[in-house]
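The values are calculated or read from the model by the stated rules, or taken from the named source; none is laboratory data. What you see is a predicted model; the values in this text were computed from it and never measured. Here the Cβ is made from the backbone with ideal geometry for all residues, glycine too, and neighbour counts use every protein chain on show.
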Amino acid sequence: MDRRHFLLGAGAGAALLGLQRNSVGRARPKPTDRNLVLLFLHGGDDGLNTLVPTADERYYRARPALGIARESAHRLDERNGLHPALTHTANSFRSGRIGFLRGVGYPNPNLSHFRAKDIWNSASLHTPTPATGWLGRFADTHLAARGSPMGLVSLGQVSTPHALRGTHHLSYALPSSDGFAVRRAPSSSSESAARARWRALEKLNGGVREDRLVPVGASVLAADRATSSIATALERPADVPYPESTLAENLRVVARLLEADLGTRCFHVTHSGYDTHASQAHTHNLLLGVLDEALHAFLLDLATIGRIESTLVLVISEFGRRVAENGMGATAGTDHGTSSLVWTAGGGARPGIHGPAPDLEHLDADGNLVPSSDFRSVYAAVLEDWFGVPSEPILGARFQPAEILR
């Protein structure tokens with residue numbers, strides 16, 4: 001990192017700290033101006049090794065190989081520490097910029113990745129799983145009428161994540177930031193050719209006689225305009241240095257789209273690899289290190305561009321891991337669990353550790369933790385306390401919002 005980047009990073013960190021400390025006396029952004037970044041840890045993050053119960057001897061007895069040593073964990077209080085790879089996260093927690101909710105899950109889990117993702121994405125325990133996702137239904141109800149054609153955007157996937165699928169509202173899946181210039185008119189094209197291209201699209205949108213083709217033309221035109229807007233937004237370099245990782249690049253793209261103010265309200269970003277059945281110590285250390293550095297750079301970027309107070313970051317995973325490890329030594333891992341750890345950061349996040357400590361004495365029949373909070377209470381908090389909309393029509397039932405937001 002050169003001197004310029006160091007000074008920018010230091011300045012952004014000071015700006016972020018100042019915003020959070022002074023947030024009580026500042027004008028909060030209106031719910032209609034707020035954004036959500038949903039960061040999904042695919043595979044089932046081991047919440048016990050992420051937020052470590054360092055004062056619980058039962059944890060160390062269950063994990064002789066995988067247990068995070070007290071002296072290695074970043075100490076948060078007398079009973080809890082963070083994984084050693086989460087250095088920036090620990091500093092953010094101590095500065096009051098990160099919150100954790102322990103014990104998040106749902107009744108009668110079957111420990112399947114596919115079923116768990118369907119449940120978390122749709123916010124429904126019913127079978128068959130609803131085709132729409134909870135954020136897709138939010139967009140159908142509250143974004144379609146507000147002229148937000150790019151209200152939902154996902155990064156790092158070739159298709160729309162289930163959570164963003166709605167009935168009426170379009171969402172955009174951006175596999176990477178590399179392809180957007182290709183969709184624009186080539187630099188060698190003449191101005192007249194570019195104008196002709198737009199006229200053709202607009203004709204497809206409104207000039208055809210067959211009514212059934214008008215929606216197709218509108219979708220093509222909207223997609224073309226969105227692609228051009230995205231490409232323009234991504235041309236601006238970040239003032240904050242990002243590490244070299246796919247996750248960091250995706251979060252950098254989110255920051256550029258937020259800076260461009262294209263009307264996106266919800267972003268979905270995936271970080272994969274958390275299904276640590278074997279050799280967990282090494283794999284989990286690498287994954288959390290990538291997450292820690294990427295999220296740190298993203299939060300600094302948001303502070304620099306003035307979007308930290310209006311952006312809530314929600315980090316979730318489809319489930320946690322089993323309490324007892326399997327295997328031995330360096331090959332040890334953990335099977336699928338139940339209780340998950342949810343993170344909050346950015347605007348509105350209530351700092352601290354929330355939810356009861358994991359009860360390692362009273363496990364279920366499979367040796368897993370018994371969840372203490374329903375994941376839909378987290379969604380209810382996002383919908384009601386952050387976006388200011390009723391959650392029951394979207395979630396299909398009434399859930400008391402979790403106390404995770406300021």
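Determine, yes or no, whether T89 is touching an Asp or Glu at 6+ places or on another chain (Cβ under 6 Å), of a type in the set (S, T, Y) and in a helix (DSSP H, G or I). Criteria met by T89. Here the condition is being out of contact with any His (no Cβ under 6 Å at 6 or more places or on another chain), assigned to a helix (DSSP H, G or I), of a type in the set (K, R) and within 22 Å of P31 (Cα to Cα); of R376, R307, it holds for R376 alone. Taken together, R376, R322, R350 contain a single residue that is surrounded by fewer than 21 Cβ atoms within 10 Å (Cβ to Cβ), more than 18 Å from L247 (Cα to Cα) and of a type in the set (K, R), which is R350. The set of residues in the range 108-124 being modelled with pLDDT of 95 or more and buried (at least 17 other Cβ atoms within 10 Å of the Cβ) consists of A116, K117, D118, I119, W120, N121, S122, A123, S124. Does P390 count as within 22 Å of the chain's Cα centre (by Cα) and surrounded by fewer than 19 Cβ atoms within 10 Å (Cβ to Cβ)? Yes, satisfied. Residue by residue through the range 100-118, note down the ones that are part of a helix (DSSP H, G or I) and without any contact (Cβ under 8 Å) to a residue 40 or more places away in the chain. F114, R115, listed by residue number. Search the range 296-322 for residues that are touching a residue at least 24 places away in the same chain (Cβ under 8 Å) and pair each with any residue that is of a type in the set (D, E, K, R) and crowded, with 23+ Cβ neighbours inside 10 Å when their beta-carbon atoms are under 6 Å apart and the residues are at least 6 apart or on different chains. Filtered contacts from the range 296-322: S317/D45; R321/D46.
Quick check on this structure: which one of T270, T283 is surrounded by fewer than 21 Cβ atoms within 10 Å (Cβ to Cβ), in contact with a Gly (Cβ under 8 Å, 6 or more places away or on another chain) and free of Cβ contacts under 8 Å to residues at least 40 places away in the same chain? After ruling out the rest, the residue left standing is T283. Checked against (1) part of a strand (DSSP E or B); (2) free of Cβ contacts under 8 Å to residues at least 40 places away in the same chain, P401 passes all but condition (1).
Within the range 329-337, at least one residue is hydroxyl-bearing (S, T, Y), outside any helix (DSSP H, G or I) and buried (at least 19 other Cβ atoms within 10 Å of the Cβ). Cβ-Cβ contacts under 8 Å between residues 6 or more apart (or on different chains), taken from a first residue in the range 70-99 that is farther than 14 Å from L288 by Cα and hydroxyl-bearing (S, T, Y) to a second residue that is modelled with pLDDT of 95 or more and crowded, with 23+ Cβ neighbours inside 10 Å, are listed as S92/I98; S92/H296; S92/L299; S92/A345.
Restricting attention to the range 242-267, the residues that are in a loop (DSSP other than H, G, I, E, B) and at pLDDT below 95 add up to 5. Checked against the criterion of being of a type outside the set (G, A, S) and in a strand (DSSP E or B), the range 282-289 contains not a single residue that satisfies it.
Residue by residue, here is whether (1) surrounded by fewer than 19 Cβ atoms within 10 Å (Cβ to Cβ); (2) hydroxyl-bearing (S, T, Y); (3) closer than 23 Å to T338 by Cβ; (4) under 19 Å from the mean Cα position of the chain (by Cα) holds:
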| site | (1), (2), (3), (4) |
| --- | --- |
| A55 | yes, no, yes, no |
| A62 | no, no, yes, no |
| H74 | no, no, no, no |
| H88 | no, no, no, yes |
